[in-house]
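Reviewing the structure listed below.
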Amino acid sequence: MTTVCSFDGKQRNCSLELTTYGDVLSGLRLTASLTFNDADGVPKRAINFGVGWDLPWVPGLSLNGRVITTSSP
């Protein structure tokens, strides 16, 4: 065992990320993302979902929300 940090090994990380976003209706936007990882020490998957709504009675103001869930490594 050593206490010296070095970059002398190989590590291969594989992942896949799927993302979609767009306007569902005028003034209503949705985003969604799925991430799958095959690596040591990182979460196996992450899921994100977001929504944005332009308030019709206040020009330039929108409400936004987001939900994020991440699995254990």
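Let's see how each residue does on (1) touching a helix residue (DSSP H, G or I) at 6+ places or on another chain (Cβ under 6 Å); (2) of a type in the set (A, V, I, L, M, F, W, C); (3) at pLDDT below 95; (4) at positive phi:
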{"position": "17", "(1), (2), (3), (4)": "no, no, no, no"}
{"position": "29", "(1), (2), (3), (4)": "no, no, no, no"}
{"position": "41", "(1), (2), (3), (4)": "no, no, yes, yes"}
{"position": "47", "(1), (2), (3), (4)": "no, yes, no, no"}
{"position": "61", "(1), (2), (3), (4)": "no, yes, no, no"}
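Candidates are the residues of the stretch 53-63 that are in a strand (DSSP E or B) and not polar (S, T, N, Q); the one that is surrounded by the fewest Cβ atoms within 10 Å (Cβ to Cβ) is 63.
Considering only residues in the stretch 64-73 that are loosely packed, with under 11 Cβ neighbours inside 10 Å and not in a strand (DSSP E or B), the one that is modelled with the lowest pLDDT turns out to be 73. Scanning the stretch 1-52 for residues being among the polar types (S, T, N, Q) and under 22 Å from residue 72 (Cα atoms) gives a total of 8.
The residues of the stretch 1-20 that are in contact (Cβ under 8 Å) with a residue 24 or more places away in the chain and surrounded by 10 or more Cβ atoms within 10 Å (Cβ to Cβ), listed by number, are 13, 15. Inside the stretch 29-52, residues that are part of a strand (DSSP E or B) and either among the aliphatic types (A, V, I, L, M) or closer than 14 Å to residue 17 by Cβ (or both) make up a count of 14. Residues of the stretch 11-26 being farther than 30 Å from residue 56 by Cβ and of a type in the set (Asp, Glu), which ones? Residue satisfying the conditions is 17 alone.
The values are calculated or read from the model by the stated rules, or taken from the named source; none is laboratory data. Source: prediction; values computed, not measured. A quick note on method: Cβ atoms are made from the backbone with ideal geometry, for glycine too, and the neighbour counts reach across all protein chains shown.
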